[in-house]
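Working notes, structure below.
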Amino acid sequence: MKKFSFLFSILICLALLTACNDKEPEIEFGVTVSPVSEEEYKNIGATKDLIDPKQEDFKFFEFNLNMKHTDLVKARNIEMYKFEHMNQALNDIDGNSRYWYGSWGIRDNESDNFATYNQEFVFFFFFLSDNDIKKAFSNEKITISWTNYKDEKQKNEYNLSDLIEFK
């Protein structure tokens with residue numbers, strides 16, 4: 001009976017190890033366009049060239065990409081739009097200056113089992129629709145690739161406009 005219990009324990013451990021080997025990286029996106037808060041609106045400033053600006057004329061864009069994986073994932077690579085070019089994508093909608101201010105950050109060290117990309121900015125939404133925003137970002141791509149434990153190259157592609165949620 002002891003041999004059977006020992007053999008059963010080993011089989012369970014092998015099954016668990018095998019199941020863990022094939023685990024895909026966890027990739028999560030959060031991309032939202034929402035109204036600006038009162039506090040954000042107070043910080044907007046430089047609206048003297050606008051005719052009667054209101055809080056609802058501005059929107060807050062927030063982008064978050066989080067990727068987590070095991071040590072079995074190698075050669076992680078994230079290629080995406082340039083954060084600093086977002087203002088041009090917004091201004092190209094109709095030639096008006098729409099990007100107001102923002103910030104971005106990246107943590108993507110090869111030695112870590114995770115990567116995070118974040119961006120947030122406020123923009124002038126007046127006379128735009130949700131479809132205008134989606135169209136403005138329709139050429140912005142995100143490609144995430146890696147090599148799995150079997151030495152197979154994996155690749156996922158995303159379009160920023162498909163990820164946007166409006167609140």
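Mean sequence separation of contacting Cα pairs (under 8 Å, at least six apart), scaled by the length of the range 100-139, corresponds to a relative contact order of 36 percent. Distances between every pair of Cα atoms in the range 118-158, grouped in 10 Å steps from 0 to the bin holding the largest one, split as 20, 34, 22, 15, 7, 0 percent. With 22 Å as the limit, write out which pairs from 23/153; 82/150; 48/134; 48/135; 68/155; 74/134 have Cα-Cα distances beyond it, or answer none. Table pairs above 22 Å Cα-Cα are 82/150; 48/134; 48/135; 74/134. Counting only alpha carbon atoms, the long axis of helix 2-21 and the longest principal axis of the chain meet at about 30°. Shown for the chain: the carbon plus sulfur share of the solvent-accessible area, taken with all protein chains present and a 1.4 angstrom probe, equals 52%. Over the range 49-167, accessible surface divided per residue gives 59 Å², non-protein components excluded, 1.4 Å probe.
Applying the Karplus relation 6.51 cos²θ - 1.76 cosθ + 1.60 with θ = phi - 60° to the range 79-94 yields 3J(HN,Hα) values of 10, 8, 4, 7, 3, 6, 8, 4, 4, 5, 4, 5, 5, 6, 4, 9 Hz, where x marks Gly and Pro. Annotation: amide H-H contacts under 5 Å for residue 137 (H modelled 1.01 Å from N, sequence separation of 5 or more, or interchain): none.
Report the relative contact order of the chain, percent, no decimals, based on alpha-carbon pairs under 8 angstrom and at least 6 residues apart.
This gives 26 percent for the chain.
Can you sort 120, 40 by solvent-accessible area, 1.4 Å probe, largest first?
120, 40
The values are calculated or read from the model by the stated rules, or taken from the named source; none is laboratory data. Here the structure is a predicted model, which is why all the values come from computation and not from measurement. Heavy atoms of the whole protein, side chains included, go into the accessibility calculation; ligands, DNA and RNA do not. Shrake-Rupley method; radii C 1.70, N 1.55, O 1.52, S 1.80 Å.
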